[in-house]
Every structure is written in C-alpha cells, then in structure tokens.
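In what follows, a single structure is set out as structure tokens and then discussed.
The values are calculated or read from the model by the stated rules, or taken from the named source; none is laboratory data. Bear in mind the structure is a predicted one, so any value in this text is a computation, not a measurement. Quick reminder, even Gly has a Cβ in these numbers, built from the backbone with ideal geometry, and neighbours come from all protein chains shown. All accessible areas refer to the heavy atoms of the entire protein, side chains included, with ligands and DNA or RNA removed. Shrake-Rupley method; radii C 1.70, N 1.55, O 1.52, S 1.80 Å.
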Amino acid sequence: MKQSLQLRTSQHLALTPQLQQSIRLLQLSTLELHQELEQLLTDNPLLERLDDPLDHSVRLLADGAISQSSAPAEAAPEGPPGQQQDAAAPAEAEPYEGGEGDGAPEGEMDWGDAGRGKTPDDEDARPQLEAHHCTLREHLMEQMRVTVLEMRDRALVEIIIDALDENGYLEEPLEEIFARLPEELEIAPEELHTALTLLQSFDPVGVGARNASECLALQIKRMPHVPLVTRRMALTIVEQHLAWFAQRDFNKLKKALQCDDEDLREAQAVIRQCNPHPGAAFASDVSDYVVPDVIVKKARNGWQVSLNNDVMPRLRVNAMYANLLKQGKGEGAMGAQLQEAKWLIKNMRQRFDTILRVAEAIVERQKNFFSHGAVAMRPLVLREIADTLGLHESTISRVTTQKYMLTPHGMFELKYFFGSHVATEAGGEASSTAIRALIVQLTGAEDPKNPLSDSKIADMLGEQGMVIARRTVAKYREALKIPPVSLRKSL
C-alpha cells in the first residue's frame, strides 16, 4: 500500500480546563463547593474571599490582647448572578473603617452580627460553649459510685457496663463474660448474676436487659400506679406472647389470656409506655442540617424564586497582585494564577445562574404544588426542563442533585419535583408523587380497627380516575415506610 499525506478539517468537542471546572462546580453540593473553594483559596494567592466568617469577629491574641478583624469596605460584589461587577477589574483594597453607627461602639466588643448593640455583660453577647455530652457509660458509672461500695462489686458491674451496646442491651451472654475472667480472681457465676441484677436497677429503666422481652418486663415492673391485674397481663404478654403482640394478632392474645378487648387495650397501653431502647437517649447523634440553595416565596404576581445569599461565596481578584501584574513586575506563574482566578469567578457565577434558571423553570411547571401541596404535583422529566432552557439533560441532572429548595411546604431536593407518571381514565397523567401523597392521606384517615388494604387503596384511587395496580400501591407504601394492614390494625 502506498503511503500518502492528507489534510482534513473536522469538528470535535474538547473539554477545556475551564469547561471541566465548570462541570465539576455545577455538580458539587453546597458543602462540597465550600470545601473545594477553601482548597482553591489556599493554592491561589490571587483569589480572595470577601465573606470570610472571621470578618468582624473578636480574636484573642497570645498576649491576652483583643484584636478585632475587619473586612474591606468596598469589597462586596453586587447581588445575584448577572449583576456583579467584572472580576477582571480588581477593586482597590482599603482597610475597614467603621463610621458613625457602623461596627461596635467605642468601649464595647463586637461578637458578630448577633451581638451588635449589646454590652459584654449581656448573657447573649458571649459565645455559648456546647455542654458536655454524657454517655450511657458515664451515666451508669456515676450511679455505681454512689450505690456500690465494695470495690470487687464495682469491678464486676463495670465489666458488664463495658459489655453493653448503644441501646443499653447486654448482647454477650454472661457465660462468655465469665469465661474471659482470669481464674485467679476466683469469681463465681452467681457474682456476675448479682452484678447484672444490680445494674438492672439503675437508670434508665430497662438497661442491662438481654433481649427486648426482658427490657419491657423490667420497665413494667417499675411502673407506678398500674393496677395489679393489668400489670400481670402486660408482663405475660411481653414475656410469653411478644411476637403475637408485635404482629397485632389480638385474637390469639385474647384466647391465650382469656380476656376481653377492654382488658387487652389497657395492657397494650401499659406496654406502649415502655422504651425498647433505653440507652438510645445517650447516643451522640449529630444532626445534619441542610442549607437551601434557592428560596421560594409567595409574591403578589405569583411565586418568586431567589438564590440564598448565605451560600453564595463572594470572590474577587487580589488588587495588589493584579496591579503588580499590570506593571509587569509579576512572575510567569502569577499570570496563570490570575487567569485561573478569573475562570473560577466566572464559573461560580455561571453555577448559581444555572441553578436559578432551573429552579425558576421547576416552579413555573409546579405552581399547583406550591399552592395546594404534594397532591397537586404534576409529572415532570428532566428532558422537559432541558428543552425549555436549551441545556442538556446531564446538566439538569447535575443541577438538581444535592441542591435544595426552601418552600412554604418544607425543604425539598430539586429532584423531588421530578417523577414518573401514571395514566388516568380520562387519558391524562398523574404524578407518582401526588399518588404517594394520596396514599398518605388515605391511610391517615382510615379506621384503625379496620385499616385499608393495598387492594382497597388501589380501588379508591381508581375511583378518582387513577389506574394503579395493587403491587404499585404496595411499592409506594413501603417507600413511605407505612406498615402493612396487619400492623396498622388496633383494638
């Protein structure tokens, strides 16, 4: 084959570094975005963040003196995307000088916006420290120091305390604990049983139980003002028929206990007062807070969508380094960092602008949801929003992932407003979200003595024109964490 050279022209899409950064910033959540931004601020000295959380704060220096940090007075860009000044033209950095009525008055310390206008003697003006969290082990050890005097008994009780799980249960058998003890201590198995009995007398009631039956029984025995007959019946249920009680098989319970509905109802009320997880109150669970990216409010001319300014970082190019580059005094690497800083500011602006456009398009199509709730949700797919805004479906998917909207009905992820559809008898479509809301309404208004089955719910939805199968109702019910009909039945 003869070799030859040919010249051809073609078009192809190349992912430039700027485009790659834009895509990456778009798919990040608010928390991930700020973490990424902190790293970029560390790597690029030409980039400045104007909404530093330490601005206008009080810092304690090493010598004990108090230093108040300040922010540049002319550093704030204007408002939402599309209204900021061009980041390529750096503003002059000036030290912050509080004028009349600005900043903390003379002789007072400024602890931030929450403490402005308050004296140091004001309780709210001081930073509040988080109280020490008492664990279950610490709570039990404190009771042991007060009630148990013998050091040998204390050591045995402490061994059992260390074997408890986070719910306060002793899952490891006493025989295994006894087998781990050194033989030279000459500890008898009866001593471990005595130590467990002593631990089970501690607060919270039910701690040290080896199973759910024993945990409930310990609590029922220490309940005050419970009639003796009702107490005995409740103990019999939790000790012998707990499985029937959990399955709400009341017919078998009445036959085994030889009682009527009223007696069983009283015993049931006693059992429901118990806590099956006595140690859960001491768990150190940290609450996760979601900050909305967009906020929807009712206005005179409809629903108004706005970006949450608290999650929008305010960036600019450092004025001093930019002036050095203009005068030709900067190094070659600083020119690249200047360009990177401009790209980041532009991509950050584009990110929030895209989020706002997508949110406005969602609100426009889901007006009935904001006016009437989830039952009025209409079917919506990513392609519909993409075609409206002239964007790709993958871009809409990135925008709606881990981005949240604050509405009068609560906080929702943007993906919540998208859902599949179910055909109606009239030839229309109903959103799966609206059907879930209807299932919640139907089960919430049902008769507890005769709850609705999945087939009955499907028939009731069919009467409203929604063609839906029983297995689909069961799938939606399980997704909503609604128990089956047998577990929703009550006396």
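Conditions (1) part of a loop (DSSP other than H, G, I, E, B); (2) over 19 Å from residue 150 (Cβ atoms); (3) open to solvent by less than 60 Å² (accessible area, probe 1.4 Å), marked per residue:
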{"position": "168", "(1), (2), (3)": "yes, yes, yes"}
{"position": "171", "(1), (2), (3)": "yes, yes, no"}
{"position": "175", "(1), (2), (3)": "no, yes, no"}
{"position": "187", "(1), (2), (3)": "yes, no, yes"}
{"position": "197", "(1), (2), (3)": "no, no, no"}
{"position": "203", "(1), (2), (3)": "yes, yes, no"}
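From the list 485, 473, 467, which residue is hydrophobic (A, V, I, L, M, F, W, C), more than 21 Å from residue 374 (Cβ to Cβ), modelled with pLDDT under 90 and outside the structural domain of residue 245 (by the TED database)? None of the others qualify; the one that does is 485.
Of all residues in the stretch 472-483, those satisfying the criterion of being open to solvent by 50 Å² or more (accessible area, probe 1.4 Å) and either closer than 12 Å to residue 452 by Cα or in a helix (DSSP H, G or I) (or both) are 475, 478, 479, 483. Kindly provide the set of residues from the stretch 362-394 that are crowded, with 20+ Cβ neighbours inside 10 Å and polar (S, T, N, Q), ordered by number. Of everything in the stretch 362-394, just one residue is crowded, with 20+ Cβ neighbours inside 10 Å and polar (S, T, N, Q), namely 366.
For the stretch 215-248, a tally of residues being of a type in the set (D, E, K, R) and in contact with a helix residue (DSSP H, G or I) (Cβ under 8 Å, 6 or more places away or on another chain) returns 4.
Each residue in the stretch 455-471 was checked for being surrounded by fewer than 20 Cβ atoms within 10 Å (Cβ to Cβ) and free of Cβ contacts under 8 Å to residues at least 40 places away in the same chain, and 10 pass. In the stretch 34-51, the qualifying residues are those that are surrounded by 13 or more Cβ atoms within 10 Å (Cβ to Cβ) and without any contact (Cβ under 8 Å) to a residue 40 or more places away in the chain, and the one that is farthest from residue 335 (Cα to Cα) is 36. Of all residues in the stretch 322-336, none satisfies being outside any helix (DSSP H, G or I) and in contact with a His (Cβ under 9 Å, 6 or more places away or on another chain). Screening residue 225 with (1) surrounded by fewer than 16 Cβ atoms within 10 Å (Cβ to Cβ); (2) on the phi < 0 side of the Ramachandran plot gives one miss only, at (2).
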